Each structure stands twice: as C-alpha cells, then as structure tokens.
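One structure is given below, encoded as structure tokens.
Only the coordinates and a few stated rules stand behind these numbers; no lab work does. In this text the structure is predicted, and so the values were computed from the model without any measurement. Note that we place each Cβ from the backbone using ideal geometry, even for glycine, and neighbour counts take in every protein chain shown.
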Amino acid sequence: MYFRLAAVSLAVLAQGIAAAEARECVQSPAKVIELCVDVQDGKATYDVRRAGKPVLAPGELGLSFEGEPTARFATLANPRRSVVDTSWEQPWGEQRVIRDRHNALTVTIGGDTPLNRAVDVTFRVFDDGFGLRYGYAGLAAGQAVKVTADLTQFRPVGAQQAWWYQALGQERDEYLYTQTDARRITLAETPLTLKGDNGVYLSFHEAALVDFPSMLLAGNGTGTLTASLMPRPDGTAAHKIGPFTTPWRTVLIGDSAGALADSRIELNLNEPNKLGDVAWFKPGKYVGIWWEMHLNHSTWGSGYRHGANTDNVKRYIDFAAKSGFGGVLVEGWNQGWDGDWIANGDKFSFTKAYPDFDAPALAAYARGRGVALIGHNETGGGVENYAAQLEDAMAFYEGLGVHVVKTGYVRHSGDIADGAGGKQWFAGQYMVRHHQRVAEVAAKHRIAIDAHEPVKDTGLRRTWPNMVSREGARGQEFNAWGNPTNPPEHLAILPFTRMLAGPMDYTPGIFDLAHGKTELTRRVQSTLATQLAEYVVLYSPVQMAADLPENYEARPDAFQFIKDVPTDWEHSRTLQGEIGDFVVVARQERGGADWYLGAITDEEARTLRQSLSFLSKGMRYEAQIYADGAGADYRTNPQAYRIEKRVVTREDVLDLALAPGGGTAIRFKALR
C-alpha cells in the first residue's frame, strides 16, 4: 500500500543547455546537511557539510567506459530541484509507515568524451544522509556500452575508525569484521561504517542495485574511498543498453551509531511496490532440518543418516504446530546432495525428491496442522542449472502450498560458471541479474525468497516485497563448525554494518551452546539470554528457532520468549549502542500494543541504564524479563539465566545487567 501525506514538486528548469553557476547546492529539509556540486579543473566534484561543518571533502563524480579516455568535465548546467514529503506503508517490515522527506537536485555535467557528453547527476538529501546516482538519458535507445569504472569518491574529513573486511574473498561476505584506522582500508564491502573523531558516524552503501555490479570501496591509504565495481570476466564492470541510470550511492550520516541503524534512506531510494497485494506472504517463525546437519547428527545426502526423511520432517512439523510456528524448513530433500555437491552443483534436481521424502504427503500433513513447508534450493553455485529449472522448481513448490523458498549459492566467489564459460563473482552483474530473475519468477508463483550467499540487500524489498530476507554475513552456522566461531563482539557489530543493508536470516535461538564442544572458540560464544535478544536485535521477517526441538523442550520457560516474539513490527528504535561494544533495540508489534527489547554486549560485562520512554503514554505494561543469571559468563557459565516480571510505565528506567557475552530480552505486555 502506498499513500501520499504531502508532496510538493518544484520544477525549476533552466531552458536549453546554457551553463548555470559553477556551483550548485542543496540542503536537507531541516537544513542539517548541505551538499554542493562543482566543476573545476576538468573534474566534477561534490562536498558535504553537516551542521555547518565539513563531513565529506570534495570527491570526484562520474563513470568511465570502454573505448574512450576518462572524461574531463567543463560545464555544470540545467539545475532541477524538487521537495518531497510523502509517506508509504510497507506490507511487512521493521516499521510499518515510512516517511520519505528529502530535497533533490539534478544537474547535467558536460564532459569531453562521446558517452560523457551530458551526464545527469541526481542528489537526494535527507536529514540523515543522501543518495546520488548517474543518468545517461542521452544515449541512443539500444546503444550498447561497457562501463569500466565508477569514479565516485567518498572523502571523510578527519580521522576515522572503520569496521570492515577484505572484499573479493572466496567466502563472499562471510568474514569477521576488523576495526582499524580507515586509512588501512584496501578494498572493502559495503555497508562500510566509520566513526570519526569529530563524533560523526558515516556508512557507505548503495540502493536499488539492479542490472549493475555490486559496489566495493577501495582505499588509497590517506582516507579517500573510491567506488570499485565487481568485475566481469572480460575485465569490464557492466554491460548496459542505453539509456540507463545507475544504482544510488548512499551515505548515512548521524551523531550516533543508532542513528545509522534507524535510517530508512535505503528503502526510500527504491521504487514503490511492483507486486501489489502480497498477503500470501506471512512473516513468522520457523523450525527446520538444518542445525542437526551442521552438528553432523544427520546428513544432507541420502543414506541411513539422511535428515530429510518423512518421519523426521513430521517430527518437526508436530513441534512447529505445538509451538505456534508457521513454517518448517527442509534441507537435503532433493536429489543432488550425494558426493561433492559443491563441485557438482550442476547435478541438482529441484523437483525430484529422494525416495524417503514424500513431498505431497508432508505438505498435506503440515497443512492439516496449520504449518507450511519452507522450500530449499541449494545450487552449489550451479547457476545455469538452477536457471534452467527455475520455472519448474517454483511451480513445484506452488503446487505444494509453499510460499517461502530459501536459496543457496555455496561456491567460492570468482568461480561461478556462467553460460559462456566465464567465471563470475558472487555479486557481479551476472549474479545481480540472476537473483532478480529468481525473485520475479518466484513472485509469479506467490513465493518469497530468503537468499543465502546472496547479493547484498539494497532496499529492493520495497519494490519486490517477496525479497524477504538474506544472509550475507557470518551467521549462526559458523557457531556449529567455525574455527573460530563468532566472537561476542560480532553481534554488536552487525546492527551497525551488515544490518544497515536490510533483514538478515541469522538463524538465532541456540540453547545448547556448547553442543558437545569444550574449547571456547569451537562453540557458541554467547549466553542463552543473548540468543533470545537476537530475535529483537537482528531483524528478519522470517526468524528461525534454529536449535533442536529437544533443547527447547528442556527449557520451556526460556523458550516462551521465542514463542511470543513477533517478526513484523509497527515501530523499531535503536535506543543506544556503540559499534562492537553493545546495542539495545526496541520494537513494537505490528498492529498490537506490546513492545519487545533486546540488548547484547560484547565480551565485557556492563550495566546499561535504559529509559522506557519509548513505551506508549498512559499505559502500564508487564515487563517479562529474560536476563543473564547469577554468575553468567559466555566463557564459563553461558546457560545461566533468570526470568522475572514487574509492572512498568514509560516513566521507569531499567538497569540492564549484561554478563560477558550476555544479553537481555524483554516482552512489555500491555495491561488492559
């Protein structure tokens, strides 16, 4: 649903192509941010100030193309301005109603090469950041061009700390973050988040990534960051047909880490919903045959230890129904898992089940208990094989009443074979196009996609609301077999880095934290209360109760929080946090009065004083508090937890005592 609260468009058009002033500026609606664009000495540049102080020094703009030199720009012309203040409603999401309030400026920069003769650059400036993109409307219809580089620079002012990992690694985005001086960045993935010694937080990313390669950021050793596009096998970055526009390059700007997390710029820079009513997708929680295989209790492949057998799936369906969960994920049901399935991804069938998995019978069994199967299509990086079966696979699932499919692309990045014999990166233009086609085909069959090993989220869930969640970072599975497993600080970094892109299917909720391991770095490095807090802190409209059913049955009091916590929200607020240290998030149930809070710390114990002023006025709540117990410590006593209840209002303040590696989860149940 989309509705306008207010919209004013001011067209200030200069007729013809006469050059305007050499410098044009635009301010955000509350005049917090000012962005200016300039052409001097053959370069088009922009710079940004916040509260009157420089935030980004002049950085270059433009693209380069195969067959011509880098353009020198000489003119800045035809400024067009608009003022927008609208609101729109998400069909599901972290916040039901999103306000889009920005001022926009488009200018035409003129260069000395044929393809850069007239380039439109559009800036949309919000009070918490901005986006910019290039338009090549002057290219002839059908004209084929090859983009070789994006020259956009980001030049933060002053000393900066950065949280990043090396891009173009073979494991895609599944690396631990490192905190360094930003000048040490070589090549980083986005979102890339910085904290300046001036107290300003920045995060660089992109929005509306369609038919273009993913943007990385290359550092030059002095703090300047330049866009670097994931390459194609022929050495170019993108093959485009004119006319075209690029994705938005985005910068979030705030005076706290939480301000970045609560920005909605990525969503606002995407086009409105193209699917219309998607009521067939229901946000919710699920269990599944997944963790048991990561623990090596069963296998994806066929044989006597095969996890996806009919009796085992029925056991999970029964547990889901009893717990009030709507979905059961089944991995390893289809033929192709035997042997080295990564090397032989082109052998997967996406419609043929192993003999011990009765898909129609299980779908009916689940439906009779108010549960639906969640499909799983692991490709092993055999993208062409999956693409050839895509229509049949989605039709197969539709026939079973499946409305969510988890996809997977487990293969080293840079080694994904395309149809022409080339080797592709996991988020180059080829894979961006592929994931888009998967979403479009799935939508025709009323199916939502939860993509693992994905192209990063760039807000496309607004336009294609069946793109419901993604992985795109080190998730819970690393806590089963990683060496090392995820350290406590990882959960305090994700909300201010990866989660700025969009929902993440982290698969929270592990109760058996040691799972038979004795070495700290081979087991889950958190307390049990932290596992509960993850459901609030790490947003996804589909959340897994990832542990084995018997581990939940052993602790029904703690499991109650997982049963209660929603996955669809009216409001979301990051109440406090520091990157890598701690985070506190509160969310209100969509269409309801209850609020939920999650707090997570790193390896340091800390007590956080938290105002409850986010609660509704004039209401009383029962605070159902799931906290670290006496002596809790992720290293020595991770299972200790306590549950208490008290009546509170928005006038109260709670002291959240977090153990090392600990957390707190709270349900604020409205009292009628």
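As a footprinting exposure proxy, order ARG642, ARG155, ARG446 by other Cβ within 10 Å, with the fewest listed first.
Numbers: ARG642 13, ARG155 21, ARG446 18.
Exposure proxy ranking, most exposed first: ARG642, ARG446, ARG155.
Take the alpha carbon gyration tensor of segment 296-385, find the square roots of its eigenvalues, order them as a ≥ b ≥ c, and report rounded if a/c is under 1.5; if not, report prolate when a/b exceeds b/c, else oblate.
Prolate, because a/c is 1.5 or more and a/b exceeds b/c.
Say a site is exposed when it is one of the GluC sites (Glu not before Pro), sits in a DSSP loop, and has at most 10 other Cβ atoms within 10 Å; what is then the longest site-free stretch of the chain?
Values: sites that count: GLU21, GLU519, GLU651.
Excluding the exposed sites themselves, the longest stretch runs over 22-518.
For every helix of n ≥ 4 consecutive DSSP H residues, a contribution of -39,500 (n - 2.57) applies; sum these over the chain, divide by its total residues, and give [θ] at 222 nm rounded to the nearest 500 deg cm²/dmol. -4000 deg cm²/dmol, from helical runs alone. Taking Cα atoms only, the orientation of helix 383-400 departs from the longest principal axis of the chain by about 50 degrees. For segment 461-493, the residues whose backbone nitrogen is under 11 Å from a point 7 Å from the Cα of LYS517, taken along Cα to Cβ, are 477-487.
DSSP beta bridges in the chain, what fraction antiparallel, as a percent rounded to 5?
On the way: 140 of 163 bridges.
Around 85 percent antiparallel, to the nearest 5.
Give me the angle, in degrees from 0 to 90, between the Cα long axis of helix 310-323 and the longest principal axis of the Cα atoms of the chain, rounded to the nearest 10. So the helix axis and the longest Cα principal axis differ by about 80 degrees. Mean silhouette area of segment 407-558, derived from the convex hull of its C-alpha atoms and averaged over all directions, reads 10.6 nm². When semi-axes √(5λ) of the Cα gyration tensor in Å is computed from the coordinates, the matching label among (1) 43, 38, 21; (2) 57, 42, 37; (3) 41, 31, 23 is (3).
Within a 10 angstrom radius of the beta carbon, how do SER214, SER323 rank from fewest other beta carbons to most? Display every interim value, and only then the final one.
On the way: SER214 23, SER323 19.
The most exposed by this proxy come first: SER323, SER214.
The charge dipole of segment 2-268, taken about its Cα centre with unit charges on the Cβ of Lys, Arg, Asp and Glu (plus for the first two, minus for the last two), comes to roughly 440 debye. When you restrict to C-alpha pairs under 8 Å that are six or more residues apart and normalise by the size of the chain, the relative contact order lands at 11 percent. For the listed residue pairs LYS274/LYS669; LYS195/LYS669; LYS53/LYS617; LYS282/LYS314, the alpha carbons are over 29 angstrom apart in LYS274/LYS669; LYS195/LYS669; LYS53/LYS617.
Name the shape class, rounded, prolate or oblate, that the alpha-carbon gyration tensor gives for segment 516-672, where a ≥ b ≥ c are the square roots of its eigenvalues, rounded holds for a/c under 1.5, and otherwise prolate holds if a/b is larger than b/c and oblate otherwise.
prolate
A Förster distance of 60 Å, applied to the separation of the beta-carbon atoms of ALA22 and LYS444, puts the FRET efficiency at 0.75. Simple point charges give the picture: +1 on the Cβ of Lys and Arg, -1 on the Cβ of Asp and Glu, and for the chain a dipole about the Cα centre of about 1360 debye. The length gained on full extension between ARG81 and GLN40, counted as 0.36 nm times the residue separation minus their Cα-Cα distance, comes to 12.6 nm. Modelled spin labels at ASP655 and GLU171, positioned 7 Å past Cα toward Cβ, are 4.0 nm from each other.
Seen against the Cα atoms of the chain and their longest principal axis, helix 528-537 is set at about 40 degrees.
In segment 2-268, Cα pairs under 8 Å separated by at least six residues give a relative contact order of 18 percent.
Can you tell me how segment 2-268 classifies by the Cα gyration tensor, rounded, prolate or oblate, using a/c under 1.5 as the rounded cut? Rounded, because the longest to shortest axis ratio a/c is under 1.5.
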